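Q: So that we are looking at the same thing, I have put the structure below in structure tokens.
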Amino acid sequence: MEELRGKTLVELEALVQRAGFQGYRARQIHQWLYRRDARSFDEMSNIPADLRSWLASQYQIGGVKIEEILRDADGAQKILFGLNDGLRVEGVLMPKEHRWTLCISSQAGCSLDCRFCLTGKIKLRRNLTAAEIIDQVQSVRREILKNQPITNLVFMGMGEPLLNMDNLIPALRLLTAPDAVGIPTRRITVSTAGIIPGIRALAAARTGVNLAVSLGAPNDKTRSALMPINKKYPLAELIKACREFPLENRRHITFEYTLLKDVNDSEEDLRRLIQLVSSIRCKINLLCFNEDDRLPFKASPPETVERFRSHLDAKGFNVAVRYSMGRGIKGACGQLAANYL
């Protein structure tokens, strides 16, 4: 049965009128879906019973269900979402000073096989629909946060968002629309491993959200070994696409750089990194790698991380060291695998 959540107001008006009901009912349904996060048609108390009955016969709402929540000592919560077809994806909810950041998934599994990411060990099952993307946000807001607002939303969970553009863009429009979910565009970040056509399509869509790019390494040889997608979209082309990405005032592209001991953390790597991104208005997040027995890498030592940070800072970059939350529950960056492993 088709999912109703994910439809725009215009689409809702068309289907309501086709069924012989007055068009203004669509706005009421829209409010229930996005502002009030209805989980059933019975909750739509100001909708006539015959319209609710017709909707229930044609559509469903709530294609994502929270199946399990794991809580870490640092306050992070890893959330297992069950989908209607039995697949599962994971997200992470992270608190910081009365703010909530939610990391959500865009695909079940992933096709990119980045060597430092557990999710990459899972073959792609399928793309998530726009409704399933939105419903991760809605479910967390309703069931965990008890209608507190989600402060920041990041597409850094399972999957590569820019390989699911047909569903990502409609989801972003509803997530940011003031009369729908209503998260400000500046509070949403879409992360990519470097899908150049997707970067350009995101730019053309003018959604206003932020772009983050996982670099992995500052040269093609090492990056291709870590991130096979680099063989298709090498660094020179990727940096060109980032340079052309439209940025509003005081906005930046974020480059994520996961530091791996004796792989991408040498003095030469640092020099090349500075040279690579110097022409782009950007900020750099240095990510401390989350070690796992199933992955063949070790985290760079703290003194190496600090050397990178201090040199980048001295060169005038906006740089931060990110110690991923959720390590105790395998909910940190690159560790989302939804029990498939």
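The values are calculated or read from the model by the stated rules, or taken from the named source; none is laboratory data. Here the structure is a predicted model, which means the values were calculated and not measured. FYI the Cβ positions are ideal-geometry reconstructions off the backbone, even for glycines, and counts take in every protein chain you see.
Q: Which of the following residues is closer than 29 Å to Met156 by Cα and in a helix (DSSP H, G or I): Leu33, Leu12?
A: Of Leu33, Leu12, the one residue that is closer than 29 Å to Met156 by Cα and in a helix (DSSP H, G or I) is Leu33.
Q: When you scan the stretch 73-82, how many residues do you find that are out of contact with any Pro (no Cβ under 9 Å at 6 or more places or on another chain) and in contact (Cβ under 8 Å) with a residue 24 or more places away in the chain?
A: Going through the stretch 73-82 one residue at a time, the tally reaches 5.
Q: Still on this structure, please answer the following. Determine which single condition Asp292 fails, assuming it passes every other condition in (1) free of Cβ contacts under 8 Å to residues at least 60 places away in the same chain; (2) out of contact with any strand residue (DSSP E or B) (no Cβ under 7 Å at 6 or more places or on another chain).
A: Single failed check for Asp292: (1).
Q: State all residues of the stretch 292-313 that are within 26 Å of the chain's Cα centre (by Cα) and β-branched (Val, Ile, Thr); if no residue qualifies, say none.
A: Val305
Q: A follow-up question, please. Identify, from the list Leu174, Leu163, Leu202, the residue that is touching a helix residue (DSSP H, G or I) at 6+ places or on another chain (Cβ under 9 Å), within 27 Å of Gln275 (Cα to Cα) and either of a type in the set (A, V, I, L, M, F, W, C) or at pLDDT below 95 (or both).
A: Leu202
Q: Among the numbered conditions (1) within 24 Å of Leu259 (Cβ to Cβ); (2) among the acidic types (Asp, Glu); (3) more than 16 Å from the chain's Cα centre (by Cα), tell me where Glu143 comes up short.
A: (1)
Q: Looking at the stretch 91-111, is at least one residue surrounded by fewer than 19 Cβ atoms within 10 Å (Cβ to Cβ) and in a helix (DSSP H, G or I)?
A: So far as the stretch 91-111 goes, no, none of its residues is surrounded by fewer than 19 Cβ atoms within 10 Å (Cβ to Cβ) and in a helix (DSSP H, G or I).
Q: Residues of the stretch 125-148 being part of a loop (DSSP other than H, G, I, E, B), surrounded by fewer than 23 Cβ atoms within 10 Å (Cβ to Cβ) and not hydroxyl-bearing (Ser, Thr, Tyr), which ones?
A: Arg125, Leu145, Lys146, Asn147, Gln148, listed by residue number.
The rows are residues; the columns are (1) in contact (Cβ under 8 Å) with a residue 60 or more places away in the chain; (2) β-branched (Val, Ile, Thr); (3) more than 26 Å from Leu12 (Cα to Cα).
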site	(1), (2), (3)
Tyr34	yes, no, no
Gly62	yes, no, no
Glu67	no, no, yes
Arg71	yes, no, yes
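Each row is one residue, and each column tells you yes or no for (1) over 28 Å from Ala299 (Cβ atoms); (2) under 16 Å from the mean Cα position of the chain (by Cα); (3) charged (D, E, K, R).
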{"site": "Leu55", "(1), (2), (3)": "yes, no, no"}
{"site": "Ile69", "(1), (2), (3)": "no, no, no"}
{"site": "Leu93", "(1), (2), (3)": "no, yes, no"}
{"site": "Arg115", "(1), (2), (3)": "no, no, yes"}
{"site": "Ala131", "(1), (2), (3)": "yes, yes, no"}
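Q: Give the residue that is farthest from Ser224 (Cα to Cα), with candidates limited to residues of the stretch 113-124 that are surrounded by fewer than 20 Cβ atoms within 10 Å (Cβ to Cβ) and touching a residue at least 24 places away in the same chain (Cβ under 8 Å).
A: Top of the filtered list is Leu124.
Q: Inside the stretch 125-158, can you point out the residues that are touching a residue at least 60 places away in the same chain (Cβ under 8 Å) and within 25 Å of Leu295 (Cβ to Cβ)?
A: Met156, Gly157, Met158
Q: Filter the stretch 157-180 for residues that are more than 11 Å from the chain's Cα centre (by Cα) and part of a loop (DSSP other than H, G, I, E, B); which is surrounded by the most Cβ atoms within 10 Å (Cβ to Cβ)?
A: Checking each candidate, the answer is Asn164.
Q: Exactly one of these conditions fails for Ala193: (1) more than 30 Å from Arg115 (Cβ to Cβ); (2) out of contact with any His (no Cβ under 9 Å at 6 or more places or on another chain). Give me its number.
A: (1)
Q: So Ala108 passes all but one of these: (1) farther than 20 Å from Ser214 by Cβ; (2) of a type in the set (Gly, Ala, Ser); (3) touching a residue at least 12 places away in the same chain (Cβ under 8 Å). Which condition number does it fail?
A: (1)
Q: Can Ala14 be described as over 30 Å from Met94 (Cα atoms), more than 28 Å from the chain's Cα centre (by Cα) and surrounded by 13 or more Cβ atoms within 10 Å (Cβ to Cβ)?
A: Considered against the rule, which asks whether it is over 30 Å from Met94 (Cα atoms), more than 28 Å from the chain's Cα centre (by Cα) and surrounded by 13 or more Cβ atoms within 10 Å (Cβ to Cβ), Ala14 comes out as yes.
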